Amino acid sequence: MRDLLLVSAGLLGASGVALGAFGAHGLKARLGASLSVWETAVQYHLIHALFCLALALALRLGAPPGLRLPGWLAVAGVILFSGSLYALALGGPRWLGPITPLGGLAFIVAWGLVLVQGLRA
């Protein structure tokens, strides 16, 4: 059976590196001042790819199954937070702005759930 959280971690990691390189080399001239927005998106994208990897590996080693939800919240956070920042940096519609904090909230809840699991252990 495939470990979808581990697959997601690999996908997030690979796409984060690719988008970082694309922003630094392919979009640098086009983005101008928005390059820092792109870089923030990449930073959170990659941090949470590693977060998902750590959770997937911990689960394989017998960690409590309650660590699966934080992983999926991190995936959602990357989609909402980083995804909206990527789109905004490329000139996407302004209505995407309010989506960014929802992704940030997903990250915060994910880390909070890890804290709760740690306190329960």
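One line per residue, one yes/no per condition, for (1) of a type in the set (D, E, K, R); (2) in contact (Cβ under 8 Å) with a residue 40 or more places away in the chain; (3) under 21 Å from L6 (Cβ atoms):
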residue	(1), (2), (3)
L31	no, yes, no
Q43	no, no, no
C52	no, yes, yes
A58	no, no, yes
G71	no, yes, yes
L80	no, no, no
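None of W95, W72 is surrounded by fewer than 14 Cβ atoms within 10 Å (Cβ to Cβ) and part of a helix (DSSP H, G or I) except W95. Taking P64 and the conditions (1) within 22 Å of V116 (Cα to Cα); (2) modelled with pLDDT of 95 or more; (3) not small (G, A, S), which numbered condition does it fall short on, given that it satisfies the others? Every condition holds for P64 apart from (2). In the set (1) assigned to a helix (DSSP H, G or I); (2) hydrophobic (A, V, I, L, M, F, W, C); (3) out of contact with any helix residue (DSSP H, G or I) (no Cβ under 6 Å at 6 or more places or on another chain); (4) farther than 16 Å from L88 by Cβ, the condition left unmet by A63 is number (1).
The values are calculated or read from the model by the stated rules, or taken from the named source; none is laboratory data. This one's a predicted model, so the numbers in the text were calculated from it and none came from an experiment. Cβ coordinates were reconstructed from backbone atoms using ideal geometry, including for glycine residues, and neighbour counts include every protein chain displayed.
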